[in-house]
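S.K.: Can you keep this structure in mind? I'll have questions shortly.
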Amino acid sequence: MRKYLSVFEITVRSRLSSLGDLAGMAILLAIILFVFVQLWRITLGADGAVLEGFTLNEMIWYYVGTETIILSMLPIHRVLEREIREGDVAIRLNKPIGYVSFHAAAFLGEAFVRLFILIGVGGIVTTWLVGPLDFQWTSLPALLLIFFTSLLLNFTYSAIIGLSAFWTEDVTGLFFVMDRMKWLLGGFLLPVSMFPEPLRTLAEWLPFRWMIYEPAKLLVHFSWADFARVLGAQVLVFVVVGGVVALMNHRGLKRLNVNGG
């Protein structure tokens, strides 16, 4: 465990020393939130209308949560695909650290820094546009844990796509389908509670909502009961998806054929 914490810490320090290249991402988030405010002001009006439990203020803060999760992610599937295709994975195997676990620690270190920057920028912009969130500061540690676990789930999901390169080499098409499915059914563009049937029922049965919708919703409508429910579900999903990643990694390494030797 200490090895992975060291990788996490080194990645965080490296990212903190070069924050300038994240400015574009922060500007993008500000633009996205501004556009969503204009769209939802037309939808909800200015009379304090509520749609599926969301006011205008809560809806925009919900998007702060979803955008933070998505923009915090690195294209880890591309990293895994490239290392597998070019044979660099063999170099990793010579080191006393798990291949996927190493990438998980590095991914979380990078995402950790992005998470705080995006929440900060998103919070400032959204407060300026629609006002502050009715926030319980005592819930902050719980929310950070939920968002961190969400990033871990998103990593394992992307790792499945990347590790598919052991069999397909090019995972671009698979990524496009699976990632857009997560976006659409995970509540990235619209809260799952607003989905029409039977799409809503389908989304509730799939694991994607625990990666995006539920953490963002918890940011807006926090309760300790919901925190326990979401965390429990995230752990369960991680056990299943993480098991798939471990199996793919094991079988992929067994059939590894490095080009040129």
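What follows is calculated from the coordinates using simple rules that are stated; it is not laboratory data. Bear in mind that the values here come from a model prediction, so they are computed numbers and not experimental data. All Cβ positions, glycine included, derive from the backbone under ideal geometry; neighbour counts span all protein chains shown.
S.K.: Considering Cα pairs under 8 angstrom that are at least six residues apart, work out the relative contact order of segment 123-261 and quote it in whole percent. Show your work: numbers first, answer last.
M.R.: Details: 99 pairs, mean separation 47.4, N = 139.
Relative CO of segment 123-261 lands at 34 percent.
S.K.: Roughly how many whole Å is it from the C-alpha centroid of segment 97-135 to that of segment 30-46?
M.R.: Distance between centres, Cα-based: 22 Å.
S.K.: Here's a follow-up. Given the -39500 (n - 2.57) contribution per DSSP H run of 4+ residues, what per-residue ellipticity at 222 nm results for the chain, rounded to the nearest 500 deg cm²/dmol? Present the calculation step by step, with values, prior to reporting the outcome.
M.R.: Values: 12 runs with 189 residues, N = 261.
Calculated mean residue ellipticity at 222 nm is -24000 deg cm²/dmol.
S.K.: Using the 10 angstrom Cβ neighbour count as an exposure proxy, how do R200, R180 rank, fewest first?
M.R.: Working: R200 14, R180 11.
Neighbour counts put them in this order, fewest first: R180, R200.
S.K.: Please work out the Cα center distance from segment 156-178 to segment 195-261, rounded to the nearest Å.
M.R.: So the two Cα centres are separated by 16 Å.
S.K.: What percent does the relative contact order of the chain come to when contacts are Cα pairs within less than 8 Å and at least six residues apart? Present the calculation step by step, with values, prior to reporting the outcome.
M.R.: Values: 281 pairs, mean separation 69.0, N = 261.
Result for the chain is 26 percent.
S.K.: With a 10 Å Cβ neighbour count serving as the proxy for reagent exposure, in which order, fewest first, do H250, H77, H103, H221 appear?
M.R.: H250, H221, H103, H77
S.K.: Any chance you could run the full-extension gain for W167 through L28? It's 0.36 nm times the residue separation minus the Cα-Cα distance, nm to one decimal.
M.R.: On the way: separation 139, 0.36 × 139 = 50.04 nm, distance 3.55 nm.
The W167-L28 span can extend by a further 46.5 nm.
S.K.: Students often get this wrong, so try it: which of [x] 15.1; [y] 18.6; [z] 17.1 is mean projected area of the Cα convex hull in nm² as calculated from the structure shown?
M.R.: Computed from these coordinates, mean projected area of the Cα convex hull in nm² corresponds to label [x].
S.K.: Could you state the angle between the C-alpha long axis of helix 2-16 and the longest principal axis of the C-alpha atoms of the chain, as a value from 0 to 90 degrees rounded to the nearest 10?
M.R.: 60
S.K.: Moving on. Order by neighbour count: T126, T68, fewest other Cβ atoms within 10 Å first, most last. Let's see the in-between values first.
M.R.: Numbers: T126 23, T68 27.
Fewest-to-most Cβ neighbours within 10 Å comes out as T126, T68.
S.K.: Give the cross-link partners of K182 among the aspartates and glutamates, using a straight C-alpha distance below 18 Å as the criterion and excluding same-chain residues fewer than 8 apart.
M.R.: E67, E197, E204, E214
S.K.: Once phi is turned into θ = phi - 60°, what whole-Hz ³J(HN,Hα) does the Karplus curve with 6.51, -1.76 and 1.60 give for every residue of segment 20-30, x standing for Gly and Pro?
M.R.: x, 6, 8, 4, x, 5, 5, 5, 4, 4, 4
S.K.: Can you work out ³J(HN,Hα) from phi for every residue in segment 227-234, in order, using Karplus 6.51 cos²θ - 1.76 cosθ + 1.60 and θ = phi - 60°, giving whole Hz and x for Gly and Pro?
M.R.: Computed from phi, the couplings for segment 227-234 are 4, 5, 5, 5, 4, x, 5, 4 Hz.
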